[in-house]
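Readers should treat all values here as calculations from the given coordinates under stated rules, not as data from a laboratory. Computed from a prediction, not measured in an experiment: that's the story for all the values here. Reconstructed Cβ throughout: ideal geometry from the backbone, glycine too, with neighbour counts over all protein chains shown.
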Amino acid sequence: MKSGLYGFLFAMWALIILGGGIIVVLLGPFTIQQFGNFHWIIASGIKVTIALLLVIIWILILSKLKNWIFKKELKF
Amino acid sequence: MIELIIPAIISCILAFSVVYFTTPPLIKILVKNNFTVKDMNKKESVMVARPGGISIILGIIVSEIVLYGFFQLNEILAIIITTTAAFLIGYVDDRKVMGGWFKPVTLAIAALPIIFLGAYDSSLAFPLFGNVEIPLLYLGLIIFMIPITGNTINSIDVLNGVASGFMVIASFTLSICLFILGNYEIAIVSLPLGFVSLAFYKYHKIPSKIFPGDSGALTFGAMYGTIAIVGGVEIIAAIALLPAIINSFLFLSSVKRIVEHRQIKGKPVEHTGDFKLKATNDKTAPVTLVRLILAGGPLSEKQVGFTIFKLAIFSGILAIITAFMMGVSF
């Protein structure tokens with residue numbers, strides 16, 4: 001059980017590092033120029049949407065991982 | 001360097017001493033005025049003083065004001081104001097049962113001074129891959145960060161000494177990471193949190209003489225979250241807090257809604273004949289970190305607490321590795 005918890009902690013850490021990489025690669029260079037003064041608001045809006053999607057994907061992966069790592073224990 | 005060492009030493013001594021010496025009289029006053037709650041994990045009917053947040057916030061305010069005298073940083077003002085607001089929110093919740101919306105909404109408002117004082121940098125630093133500039137998204141992150149860290153620490157305040165002991169490990173880890181990253185001033189500003197937690201742990205450890213209450217737990221969490229923002233170490237702070245985040249994640253993914261613990265009817269943990277803790281088979285009860293730890297068999301309250309501390313040390317090591325990785329880029 002305890003090793004499962006350490007494994008889950010490690011998996012969360014790896015997902016944070018990987019998710020961070022995706023955010024930097026996807027969101028970092030993202031810019032929009034063709035909307036005049038509003039380009040930064042539109043770019044920010046798109047960044048927020050992508051970030052929220054990544055967070056949702058992160059939570060879904062964690063849920064699957066949790067069920068897989070603790071499949072024996074989660075029969076409460 | 002000497003101009004950093006002297007304030008660091010003075011503030012750490014003050015943070016520790018204020019909590020260490022004000023908590024015993026606070027316990028007496030709370031007991032005298034009947035501000036006590038039953039310790040549910042003891043065989044005998046033991047009443048414990050609550051809330052200990054009063055001595056915690058006193059230690060933080062005194063030490064941070066002294067640091068402000070030395071550094072005059074807006075970041076310190078943001079820490080003092082946001083943490084004090086979180087204490088007041090927790091104190092209201094300690095004295096009067098509030099709705100489930102109360103803490104998240106008011107803690108989000110408590111985060112606003114960080115924005116108004118401009119005590120943040122809107123780029124988010126990730127290990128290996130570098131920084132990403134997210135001006136608008138970062139404002140949302142600040143608003144969400146304080147309720148999340150506050151409630152996360154509050155959610156692990158379930159056994160004697162766990163919240164304060166966990167904060168000792170997490171906050172010293174955060175200070176070490178700030179030193180590794182060369183952010184010396186914020187590292188020094190963060191040190192009082194560890195010393196306040198350490199002094200409070202003396203009275204909170206099993207068998208507890210005082211509980212931090214919502215006021216203490218929210219104070220710990222809000223200060224931790226504010227340091228993460230003003231120090232630009234949001235990701236590292238989240239990693240050091242992972243065992244508590246797992247607890248909130250397990251709870252939310254089993255309950256599937258935001259709800260106060262007292263509103264949950266099913267009990268995740270029960271007592272054996274010799275008053276050890278044991279996971280229940282109740283399908284309506286939420287899955288929590290303590291319940292998962294107990295899935296292997298009954299353990300004493302002390303054993304569960306130390307298992308949580310070991311998990312905190314493990315995630316602390318991961319946080320320190322992450323801090324070293326910040327200096328490496330592809």
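Comparing B:R291, B:R50, B:R95 in a Gaussian network model of chain B (Cα springs below 10 Å), the most mobile by mean-square fluctuation is B:R95. In the calculated pair distance distribution of the protein assembly as shown, what percentage of Cα-Cα distances lie above 39 Å? It works out to 16 percent of all Cα pairs. Positive contributions from Lys and Arg (+1) and negative ones from Asp and Glu (-1), summed over other residues with Cβ under 15 Å from the Cβ of B:N34, come out at +4. Over all other residues within a Cβ to Cβ distance under 11 Å of B:L218, the charged ones net out to -3, with Lys and Arg as +1 and Asp and Glu as -1. Working from label points 7 Å from Cα in the Cα-to-Cβ sense, the A:A11 to B:V37 distance is 3.3 nm.
Tell me, what is the FRET efficiency for A:L26 and B:F179 to the nearest 0.05, using R0 = 41 angstrom and their Cβ-Cβ distance as r?
That pair, A:L26 with B:F179, gives E of 0.85.
Ratio of Rg to Rh for segment B:185-286: 1.03 [Cα atoms; Kirkwood radius as inverse mean 1/r over pairs].
Building the convex hull from the alpha-carbon atoms of chain B and averaging its projection over directions returns 16.7 nm².
Suppose R0 equals 25 Å; then what is the FRET efficiency for A:W40 and B:F144 from their Cβ-Cβ distance, rounded to the nearest 0.05? Step by step, r from the Cβ atoms, then E = 0.70. Phi angles of segment B:220-228 translate, via the Karplus equation with coefficients 6.51, -1.76, 1.60 and θ = phi - 60°, into HN-Hα couplings of 4, x, 5, 5, 4, x, 5, 4, 4 Hz per residue; Gly and Pro are given as x.
Here the simple spin-label model places points 7 Å from the Cα toward Cβ, and for B:K267 and B:F324 these points are separated by 4.6 nm. Note on chain B: GNM, Cα springs under 10 Å; of B:V269, B:V46, B:V290, the largest mean-square fluctuation is that of B:V46. Helix content alone sets the calculated 222 nm mean residue ellipticity of chain B: runs of n ≥ 4 DSSP H residues at -39500 (n - 2.57) each, divided across all residues, give -22000 deg cm²/dmol.
Projected label points at B:D282 and A:V55, each 7 Å from Cα along the beta carbon direction, are separated by 3.1 nanometres. Helix B:2-32 and the longest principal axis of the Cα set of chain B meet at an angle near 20°.
Anyone know which of B:S17, B:S155, B:S171 comes out most mobile in the 10 Å Cα GNM of chain B? Comparing B:S17, B:S155, B:S171 in the GNM, the peak value goes to B:S17.
For segment A:2-69, the Kirkwood estimate of hydrodynamic radius, built from reciprocal distances between every pair of different alpha carbons, is 13.8 Å. Quick one: net charge of B:K205's neighbours, Cβ under 12 Å, K/R +1, D/E -1? Summing Lys and Arg as +1 and Asp and Glu as -1 gives +2. Hull volume per residue, based on the alpha-carbon atoms of segment B:1-151 and their convex hull, is 174 Å³.
With a Förster radius of 45 Å applied to the beta-carbon distance between B:S45 and A:L65, the computed FRET efficiency rounds to 0.60.
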